[in-house]
1. In vacuum, with every alpha carbon of segment 94-146 counted as one equal point scatterer, what does the Debye formula give for log10 I(q)/I(0) at q = 0.17, 0.21, 0.26 Å⁻¹? Two decimals, please.
2. Given the Cα-Cα distance of Q127 and T79 and 0.36 nm per residue of separation, how much length would full extension add, in nm?
3. Once fully extended, how much extra length lies between E248 and M140, figured as 0.36 nm per residue of separation less the alpha-carbon to alpha-carbon distance?
4. Convert each backbone phi in segment 70-83 into a coupling constant with the Karplus relation 6.51 cos²θ - 1.76 cosθ + 1.60 (shift: θ = phi - 60°), then list the ³J(HN,Hα) values in order as whole Hz, x for Gly and Pro.
5. In whole Hz and in residue order, list the ³J(HN,Hα) couplings for segment 275-283 that follow from phi through the Karplus curve 6.51 cos²θ - 1.76 cosθ + 1.60, θ = phi - 60°; x for Gly and Pro.
Amino acid sequence: MKLKSLAISFFALVVLLSGCGQKATPVSESGKSETKTNTEHPAQKEESLTLEEVFEKTIAASQDLKSLTVKMKNEQTITSSSDSEPMDISSTIDIDVIQDPISLYQVMSINMPGEEPMKTESYFTNQGFFTYDPTQGTWMKLPDEMSTELLKTTEQQGDPAAELKKMQEYIEDFTFEQDDSSYILSLNASAEKFNAFMKEQLAQSFGQELGLDLQNVDVSGLKYSYTIDKKNFYPTAMTMDMAFKTTEGSEETTLEQKTNATFSNYNGVKDITIPDEVINSAQEIELPQ
């Protein structure tokens, strides 16, 4: 099933949200709005910053970003008209990323019903893309032409300023809050309004690789929250709930995903090196003629 592959590959579509003129509503660390009587709350000093200003400062901070560590937890439910029971899949993904030259090291663990937990390990540098296939017990290497395209795509998706600019037209859909240490940007989007945008993100991420016909994909919901550190304007956390439906012939499949991610170790990843034993033992995948 294409959607099964999609679920395994479906990393969070990380986008920052922007807006003009909106001031951040003070909230406590628990997420409840602060009362007006709390005049000594430290966050009041930051109230003068608008969402647009936070957006601009975050873009400026991203220009100096060299590396970071991302940790994700995904919970997915796939429901198909051809299957009587929904399929629940959980995964964790730990990624070290260096921006220039773009490279990453990733460990992903997947739990699927009726199967043993599966752990994969991947390296992605200008030497190519190497991934461990736990079912075969071997390292695999993608062809160089595929690795080059993946590197280009990863480099583009790793530009937070580009993602910010894509969202400017959705200003009125945001809520903008703050606590003592962070700004919180949240979105509860109407499916109709965001359908075209999310289809574009799906296409850029993995639509072509999976042969997914995006004309038959319908995004039915999106809830999103992004937390930005007040001191350095780096993102520290992201949550996203997303649902979309695809139709292929008479089969209708729905995927619902909940993602929680944390971002840390900014500029702390100094080097990603593919071990010699991985390079020497990897079997290169051949492209079909």
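Here, each number is a calculation from the coordinates, and none is a lab measurement. A quick note: this is a predicted structure, and the numbers were derived from the prediction, not measured.
1. Log10 of I(q)/I(0), two decimals: -0.60, -0.82, -1.03.
2. In short, 13.4 nm is gained.
3. Gain on extension, E248 to M140, equals 35.8 nm.
4. 10, 10, 10, 10, 10, 10, 10, 10, 10, 10, 10, 5, 8, 10
5. Ordered by residue, 3J(HN,Hα) equals x, 4, 5, 5, 4, 6, 9, 5, 8 Hz.
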